[in-house]
Amino acid sequence: MSAKSPVSLLLIFGSATLYLYVLSRNLPDATYKREPLSEEESQEQRSLTFPSDLEELRAIAGLLYSYKAEHTGYVLLLFCSAYLYKQTFAIPGSSFLNILAGALFGPWLGLALCCVLTAIGATFCFLLSRAYGKQIVVRRFPERLAVLQEKVQENRNSLFFFLLFLRFFPMTPNWFLNITSPILNVPLTHFFFSIVVGLLPYNFICVQTGCILSEISSLDNLFSWSILVKLLAIAMVALVPGAVIKQCSHHQLGEKVKNGHVDNGRKTR
C-alpha cells in the first residue's frame, strides 16, 4: 500500500482538534450554580484543557461532575471524544483520563469505558499509521523498530500472547506499539483484543484511583513498587502460553524432520 500524502493526515488532525475545541468551549448551561461567577471564572469553566497535574485534574473532575448531574450525555460525549483524540494521535497522558473516568463514572462504568475507548482509539492510531506513518516511523525509530521486528518474528506462532506480555508489562511504551504494529504486520484482531485484555490491569488501577481522587496527595504514588511488581508478574504469566506453543512447535518440527530422514533412508534402500 503506497503512503498517502501527509497533508491528508494534517487535515484529519486539524479537523479532530477543531471538533474537540468547539465541544469543550460550548459547555451547556447548568442551574446548579448558586452564586453568579465573575467573567474570568465563567471563562475558565466554559473552556476545558487536558489536565497536566493533580490540581488541574481535581478542578476538571469537579466541574464535569457538577455538569454531569444535568448533562450526562454531553459530559460522556466530551470524555469519549477527548479520550479517542489522545489515543488516535498517540498523545501521552491517558492515565489522567483514566483517573478522570473513575471520578466521573465510578469504578465499573469507568473501567468499561476506558477499556473500550483505549482499544478503539489505538485501532484508529493503527489505521492512521498503516496509511500514513510507515516512512516516518522507519526514519525516526530505525533501531527500536528493528529490535521489535525481530522479537515479533521470533514469537510469530504465539503472537497474541507476546502482545499480551508487552501490554501487561508496566514499562512498555504503548504509543510505540500502536504506531509500529501495522508496519510489523500484526493482525488487527490480535492488536485489538491484546489491548482490551492487556491494558485491563493498568486501567483498573487508574480508575480505582479516580474513585478516591480527593484523598490523593500525589500521583507519584499511583504505581508503587508493589503494584509494579504485580503487573510484572502478570506480564510474565502471559508469556507461559506462548512458551508452551513455541516448545510444541519446535517438537513437531523435530518430529517432521526425523520422520523425513527415516522416509529418505527407506527410499535409498
Item to check | Relative packing of 116-124, 187-195, which averages over residues the other C-beta atoms within 10 Å, highest first | outcome: 116-124, 187-195
Checklist outcome for this item: The alpha-carbon center of region 130-146 and that of region 83-97 are separated, in whole Å, by 20 Å
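Laboratory data are not the source of any read-out in this text; all were calculated from the coordinates shown. Computed from a predicted model, the values in this text were never measured in an experiment. Here Cβ is always computed from backbone atoms with ideal geometry, including for glycine, and neighbour counts include all displayed protein chains.
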